[in-house]
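Undergrad: What follows is a structure written as structure tokens; I'll ask about it next.
The values are calculated or read from the model by the stated rules, or taken from the named source; none is laboratory data. These numbers come from a predicted model, not from an experiment. Methodologically, a virtual Cβ is constructed for each residue, glycine included, from the backbone with ideal geometry; neighbour enumeration extends over all protein chains shown. What goes into the accessible areas is simple: the full protein's heavy atoms, side chains included, and nothing from ligands, DNA or RNA. Shrake-Rupley method; radii C 1.70, N 1.55, O 1.52, S 1.80 Å.
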Amino acid sequence: MASVEEQVFECIKNKESFVLDAGAGSGKTWTLVQALNYILETKSKELKNNGQKIVCITYTNIAKDEIIERTEHNELIHVSTIHDFLWGCIKRFQSVLKVKFLELLEEKLAKEQEALSKLTTRSVIGREKSELKIARYKEAIENLNSKTIKINYDNFPNYKKGKFSHDALIVIAEKIFSSYPKIRKIITDTYPIIFVDEYQDTQEKTITILLNHLKGKQDFTLGFFGDNRQQIYDTGIGEIPTEHNLKLIQKTENYRSSKEVIELLNKIRSDIQQYQPPTNTRKGEILFFHKSDTTNFSAKLFIEQYLKDKWKLYSVDDVKILYLTHRFIAKENEYEELYQIHSKNADVLTKNKDNRGMSPHTDYLVDIEEIATLFKENKIQQLLKKISFEIRTFESKKKLNELLKNLIDIRTTKKIKEVIDYVAKNKILAPTEKMKNYDLEDEEKREFCEKLMAIDYSQFIRLYQVQQDNTPFSTKHNTKGDEFNNVLVIVDDNSWKQSYNFDDYFSNNLANEQRHNRTSNLFYVVCSRAKNNLAIVCVSHLSNESKVRIKEWFQETNYIEINT
């Protein structure tokens with residue numbers, strides 16, 4: 001039987017679109033890179049002569065950089081996030097962009113007007129907000145109709161200036177692709193092969209654009225690389241619809257995990273049964289602990305008591321702790337107050353500087369920590385690019401050095417407000433426009449800001465360490481694609497509302513099938529991070545039905561009840 005790579009090469013050769021489903025640890029990225037190299041070996045001359053490029057769409061900038069590095073920065077390969085790729089395809093068609101942007105704004109206006117008509121006169125605040133949105137849409141539409149404005153894609157939308165952001169880009173691109181066959185042909189002629197990495201986490205609208213509007217064109221190939229069971233972002237498509245008749249190729253080796261972990265993964269899912277290839281000789285242990293008393297639970301203390309000797313660990317830091325929610329990480333790292341005020345959208349706290357979305361003040365704190373880090377690491381050139389302090393004389397240089405030394409100190413003793421005021425007053429870093437325009441008349445925003453300013457800045461330092469992955473703790477979103485020798489997963493059904501339920505999952509309760517599938521995917525992702533040893537600690541209720549299944553999966557001798 002032909003190898004996975006040979007099957008992929010055959011699809012490329014025959015211009016047949018395909019899906020590669022690759023189980024965890026199977027070397028999906030390696031196969032993707034092999035496919036790219038095969039194209040370079042067999043089609044480079046043809047691509048150059050035709051002025052064409054291969055496109056590889058990635059989900060994150062980290063993945064983008066990795067693929068560029070592994071294909072040696074070859075100019076025939078265009079590696080891009082989906083937003084950058086779509087914008088690159090449509091940005092030159094300004095007249096078309098304007099038409100479809102206006103169409104989108106008209107739709108938003110009509111939707112908001114309908115919403116307003118359903119609000120009662122008693123809904124004063126709701127009506128005010130709706131009327132404000134309507135006024136903004138009307139102003140933007142009038143501006144675009146009456147002036148020559150270049151349409152642009154930006155991180156922050158400003159409709160009246162012709163700027164839209166991520167979500168609008170996908171909608172506008174779909175409108176353009178569906179309406180203009182010539183534009184579709186220009187794209188497929190320029191990019192005859194498009195690969196999509198981590199297809200399961202790609203938005204359904206994006207996949208629809210590719211499958212409905214590009215697939216089927218002459219001399220054009222689509223290749224999707226990923227794993228439908230590793231979908232952890234709610235916005236992702238999960239599976240490619242079967243009606244598109246793409247060739248399915250499965251990758252079943254597991255080069256990452258021990259035999260024991262692989263056997264567990266095969267029980268979690270049945271669509272792909274993995275095996276341990278001869279080059280992988282890892283052995284390990286899988287354990288499941290149920291701890292009924294969670295008072296003052298500490299993951300590090302748990303490792304010290306139950307895993308350190310058993311796994312012959314040098315330190316508790318030799319274990320990667322995966323918390324499935326941020327609440328436990330905040331508690332363990334002592335920034336609970338900071339977590340609480342962000343609790344409505346706590347996931348933003350784990351996002352790095354390329355994917356922010358907290359508040360303008362919290363984003364400003366990230367910048368302060370970056371400045372402090374650059375100063376401590378003596379990265380002066382990078383530091384000077386980051387700050388707004390003007391250096392004109394030797395004295396001003398000396399002054400800056402004193403200011404930054406003091407900043408390092410006050411970060412550990414002062415409140416957030418005091419540190420922000422110090423940085424702004426001494427012109428180390430200018431406050432952003434978003435900070436200046438922050439709507440403090442909005443009661444919710446004002447209350448958030450007041451609480452943030454009163455917190456010890458040291459809490460933000462500890463949060464920043466988690467953001468930069470300088471602690472042994474991660475949430476589910478930080479770890480997909482990573483691997484660790486020893487993994488401890490903390491399961492707590494009390495920590496989320498309706499997103500997951502492990503007791504229902506283990507007992508195979510399908511009353512809420514969508515939640516069941518989401519929980520199954522999450523459990524598969526976190527368990528598959530382990531290379532050698534894996535331990536699960538459940539600190540919430542488990543039914544007898546759940547315990548029976550857990551004992552089947554982990555073996556009865558590896559199921560441990562802790563009652564103290």
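Undergrad: Rounded if a/c is under 1.5, else prolate if a/b is larger than b/c, else oblate: which is segment 148-299, with a ≥ b ≥ c the root eigenvalues of its Cα gyration tensor? Don't skip to the end; give the middle numbers.
TA: Numbers: a/c = 3.32, a/b = 1.65, b/c = 2.01.
Oblate, since a/c reaches 1.5 and b/c is not below a/b.
Undergrad: In what sequence, largest accessible area first, do ILE391, ILE237 appear using a 1.4 Å probe?
TA: Of ILE391, ILE237, the descending order of accessible area is ILE391, ILE237.
Undergrad: Run the dipole for segment 92-137 about the Cα centre, Lys and Arg Cβ at +1, Asp and Glu Cβ at -1, nothing else charged, and hand back the magnitude in debye, nearest 20.
TA: Roughly 140 debye for segment 92-137.
Undergrad: Tell me which residues come under 5 Å, amide H to amide H, from ASN158 once H is placed; ignore anything under 5 positions away on its chain.
TA: Those lying under 5 Å, H to H, from ASN158 are LYS163, PHE164.
Undergrad: A further question on this structure: List the GluC sites (Glu not before Pro) within segment 72-103 that fall in a DSSP loop (any state other than H, G, I, E or B) and whose Cβ has at most 11 other Cβ atoms within 10 Å.
TA: GLU72, GLU75
Undergrad: Counting only DSSP beta bridges with both residues in the chain, tell me the antiparallel percent, nearest 5.
TA: Antiparallel: roughly 5 percent of the beta bridges in the chain.
Undergrad: What helices does the chain have that are whole DSSP H segments, at least 27 Å long along their own axis by Cα, and with mean Kyte-Doolittle hydropathy of -1.0 or more?
TA: The answer, listed by residue number, is 28-49, 94-117, 124-146.
Undergrad: Just order 49-61, 142-154, 3-15 by mean Cβ neighbour count inside 10 Å, highest at the front, would you?
TA: Per-residue Cβ counts within 10 Å, averaged per peptide and sorted highest first, yield 49-61, 3-15, 142-154.
Undergrad: Can I ask one more? Given the -39500 (n - 2.57) contribution per DSSP H run of 4+ residues, what per-residue ellipticity at 222 nm results for the chain, rounded to the nearest 500 deg cm²/dmol?
TA: So the calculated ellipticity at 222 nm is -14500 deg cm²/dmol.
Undergrad: Could you compute how much accessible surface SER257 exposes when probed at 1.4 Å, giving the result in Å² to the nearest 10?
TA: 0
Undergrad: What do you get for chymotrypsin sites (Phe, Trp or Tyr not before Pro) in segment 260-342 restricted to DSSP loop and a cutoff of at most 16 other Cβ within 10 Å of the site's Cβ?
TA: Here the sparse-neighbourhood loop sites are PHE297, TYR314.
Undergrad: Can you list residues from other chains, or at least 5 along the same chain, whose modelled amide H is less than 5 Å from the amide H of VAL491?
TA: Those qualifying (amide H under 5 Å, at least 5 residues apart or on another chain) are VAL537, CYS538, VAL539.
Undergrad: Where nothing but the Cβ of Lys and Arg (+1) and of Asp and Glu (-1) is charged, how large is the charge dipole of the chain around its Cα centre, in debye to the nearest 20?
TA: Computed charge dipole of the chain: roughly 1660 debye.
Undergrad: Name the shape class, rounded, prolate or oblate, that the alpha-carbon gyration tensor gives for segment 15-89, where a ≥ b ≥ c are the square roots of its eigenvalues, rounded holds for a/c under 1.5, and otherwise prolate holds if a/b is larger than b/c and oblate otherwise.
TA: Oblate, since a/c reaches 1.5 and b/c is not below a/b.
Undergrad: A further question follows. Regarding the chain, what are the three Cα extents along the principal axes, ordered largest first, in Å?
TA: Taking the Cα atoms of the chain, the three principal extents are 73, 65, 63 Å.
Undergrad: May I pose another question? As an exercise, identify the GluC sites (Glu not before Pro) in segment 308-342 lying in DSSP coil whose Cβ has no more than 15 other Cβ atoms within 10 Å.
TA: For GluC sites (Glu not before Pro) across segment 308-342 that sit outside H, G, I, E and B with at most 15 neighbouring Cβ atoms in 10 Å, the list reads GLU334.
Undergrad: For ALA135, what is the net charge nearby, where nearby means another residue's Cβ is under 12 Å from its Cβ and Lys, Arg count +1, Asp, Glu -1?
TA: Once positives and negatives cancel, what remains is 0.
Undergrad: So what is the accessible area of the chain per residue, in Å², with the probe set to 1.4 Å?
TA: 51
Undergrad: So if each residue of separation counts as 0.36 nm, and I subtract the Cα-Cα distance between GLU513 and GLN218, what length gain in nm does that give?
TA: Once the chain is fully extended between GLU513 and GLN218, it gains 102.2 nm.
Undergrad: Continuing with this model, one more query. What pairs from LYS43/LYS100; LYS53/LYS91; LYS91/LYS436; LYS133/LYS434; LYS320/LYS379 go past 27 Å between their alpha carbons?
TA: Checking Cα-Cα distances, LYS43/LYS100; LYS91/LYS436; LYS320/LYS379 exceed 27 Å.
Undergrad: Within the set of other residues whose C-beta is less than 15 Å from the C-beta of ALA511, count the net charge using Lys and Arg as +1 and Asp and Glu as -1.
TA: Values: positive: ARG515, ARG518; negative: ASP493, ASP503, ASP504, GLU513, GLU545.
Computed value for this residue: -3.
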